[in-house]
Amino acid sequence: SGKPYDFEARIRRFDGVYRWLQVRGLPLRDSTGQIVRWYVLLADVDDRKRAEDAMRASERNLALTINTIPVLAWSAAADGRADFFNNHYLDYLGFSAEEARGWGWTSAIHRDDLAALDATWQNILASGASGEAEARMRRHDGAYRWFLFRASPLHDENGRVIRWYGVNIDIEDRKRAEDALRRSESFLLEIQRISHTGGWRYDVAAGIVESSPEIQRAYKPLPTEDITKPPFWFDRIHAEDRPRVEAEFERCLVERSEYQAGYRIVLPDGSIRYQYATGHPIVNDDGNLVEFIGASMDMTEHWLATSELQQASDALRELQMTMSRAVQVATVAELAASIAHEVNQPLSGIITNASTCVRMLDADTPNIDGARETARRTIRDGNRAADVIARLRALFSKRELTLEPLDLNDATREVIALYSSDLQRNSVVLESKLADDLPQINGDRIQIQQVILNLLHNAADAMAAVSDRQRELLIRTEREGDRVRLAVRDAGVGIEQEQIDKLFDPFYSTKSAGMGIGLSISRSIIESHHGRIWATPNDGPGATFAFTIPV
Ligand code: ADP
């Protein structure tokens, strides 16, 4: 044809090796256009040929890799428009390459994440540097999962970005785990905060302490203090508690046993907090102690509350006791004092007058008139003393009553409530059997309760010396025809038959510190309610004191 030609072919070299050569031929024509010569140029292109082959092979390999690796891979032009998605990516979205190209892929991004993802992508494009973003992407089946988008630029020789390459990594499971961890962490922190319990960990080999925010809140470290070392934690402990706590901790380290200690800490401002710490030894496979992990609870409020409560209830009980005793003692003391005072004066008068009288009669000339006068004065003083006694008796038996409808069971329950902790302290087991059908009586609540309390006191006293049997106390109410009855049965020392008549007499007592006035007052109270009170020895050990009051 006479046209220039250009082809490549392997040509054997002198040493027998074939190499690729490019063969180019150009015709030389004369003025009439006739070809007169061919100029032929042979160029060795073997190296280039091999490189091209290798390149083709590696391109095939790369395409295979990109489509096989289990990631979503993509590339985009310098302006950020996507122009390639690997098969995994397209399969994942359920998109065709056309659908995904350009900005098509963004239709698979969760609408809530789109704005943030777009902003980040624009920033990365503007910066020309690698970057990443997180967003949810819709799978072909409609399910959204979290992905990490990573993009890296490819630069030309001048440093200009010519392409972007990227992968999207499924981080849904990691995200979920992170969320769960965050939730459980904040849950733990919240619990620590609410329960005022801090966590700590002591690395035995390194001698390092780790501590949670809550325990730091409790111990209030100063910026200069090193909370990662044990001395800080021990230095906070109250000097009186420290040796005990430190010894206990040392013991647990040596014995690898559970650690428990309650102690006071003194904060930098001098205030005192109560802590209760527990620890658990962690031992590795070789049996060596690795660390202690533990908790420390701030018990200050709790401690204050309970001790206040305790103090308050102690105080209350004491007050109640003092009051009930005081009423008795005051009655007796008052009585005794007024008896002494009121009776003493007429008595000394009687003695003086009587001796004057004797002296007058004994004289050589007895002074009859004078003796009569002093005898009269003696009678006057005697009457005055009798008056005093009568007044006292009146005071005793006819005290003003405040009558009101009264449920004997209620009154009894109140006394039991008042007195039960005393009984418990004395190891007395109290049983109460209060009748359901008990009618109301008309009575003075305070006075009736005084009687019941007195019977309980006596019963407890009677059992104080008992140690070979249960100190059982039964308090029982019953209806008995037109009366209500209350009985207190004890298992104490009991009463002798010949005592029975004297028990209710004033000042009869068999106790070293007894006044002997309780039962006599009780009797006067019950009688002023038109009732009756009596005592009987039990069949077994102890005695029963009972009273009845008409309905
Ligand atoms: P006090 O208790 O001060 O002695 P009381 O008048 O209450 O005065 O009691 C008088 C006495 O009655 C007591 O000292 C005791 O000897 C006797 N007594 C009272 N209750 C009982 C009882 N439950 N068991 C045995 N003896 C009792």
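Quick notes
- Residues being open to solvent by 50 Å² or more (accessible area, probe 1.4 Å) and among the polar types (S, T, N, Q) - total across the range 448-472: 2
- The condition of being more than 10 Å from the ligand (Cβ to nearest atom), open to solvent by less than 70 Å² (accessible area, probe 1.4 Å) and in contact with a strand residue (DSSP E or B) (Cβ under 6 Å, 6 or more places away or on another chain) holds for Ile475.
- Taken over the range 507-534, the criterion of being within 16 Å of Val488 (Cβ to Cβ) and of a type in the set (Ser, Thr, Tyr) is satisfied by Ser522 alone.
- The range 1-78 holds strands (runs of 3 or more DSSP E) entirely within its bounds, and those carrying 3 or more residues that are over 30 Å from Ile162 (Cβ atoms) map to 5-12, 18-29, 35-44.
- Checking each residue in the range 480-495 for being more than 49 Å from the chain's Cα centre (by Cα) and outside any loop (DSSP other than H, G, I, E, B) picks out Glu480, Arg483, Val484.
- Selected residue [near the ligand (Cβ under 8 Å from one of its atoms) and either touching a residue at least 40 places away in the same chain (Cβ under 8 Å) or touching a His at 6+ places or on another chain (Cβ under 9 Å) (or both)] from Ala462, Ala487: Ala462
- Any hit, the range 147-156, residues being open to solvent by 80 Å² or more (accessible area, probe 1.4 Å) and more than 22 Å from Asp79 (Cβ to Cβ): no
- The range 208-224, residues that are of a type outside the set (S, T, N, Q) and in a strand (DSSP E or B): Ile208, Val209, Glu210
- Among (1) in a loop (DSSP other than H, G, I, E, B); (2) modelled with pLDDT under 90, the one test that Ser421 misses: (1)
- Qualifying residue in the range 297-307 (condition: at pLDDT 70 or above and in a strand (DSSP E or B)): yes
- With respect to the conditions (1) more than 9 Å from the ligand (Cβ to nearest atom); (2) in contact (Cβ under 8 Å) with a residue 24 or more places away in the chain; (3) open to solvent by 20 Å² or more (accessible area, probe 1.4 Å); (4) over 21 Å from Thr548 (Cβ atoms), Glu498 lacks only one, and its number is (2).
- For Ser107, the conditions (1) touching a helix residue (DSSP H, G or I) at 6+ places or on another chain (Cβ under 9 Å); (2) surrounded by 15 or more Cβ atoms within 10 Å (Cβ to Cβ); (3) outside any strand (DSSP E or B) are fulfilled apart from (2).
- Residue count, the range 538-551 (criterion: surrounded by fewer than 17 Cβ atoms within 10 Å (Cβ to Cβ) and either away from the ligand (no atom under 12 Å from the Cβ) or part of a strand (DSSP E or B) (or both)): 4
- The set of residues in the range 384-404 that are open to solvent by less than 90 Å² (accessible area, probe 1.4 Å) and at pLDDT 85 or above contains only Glu404.
- Considering the range 504-537, the residues that are in a strand (DSSP E or B) and not hydrophobic (A, V, I, L, M, F, W, C) include one that is farthest from the ligand (Cβ to nearest atom), namely Arg532.
- Picking from residues in the range 244-265 that are touching a His at 6+ places or on another chain (Cβ under 7 Å) and either surrounded by fewer than 16 Cβ atoms within 10 Å (Cβ to Cβ) or of a type in the set (Phe, Trp, Tyr) (or both), the one that is nearest to Ile194 (Cα to Cα) is Tyr263.
The values are calculated or read from the model by the stated rules, or taken from the named source; none is laboratory data. For clarity, every value in this text was computed on a predicted model and none was experimentally measured. Virtual Cβ from ideal backbone geometry, glycine too; neighbours counted across all protein chains shown. Surface accessibility is based on the protein's heavy atoms, side chains included, excluding ligands, DNA and RNA. Shrake-Rupley method; radii C 1.70, N 1.55, O 1.52, S 1.80 Å.
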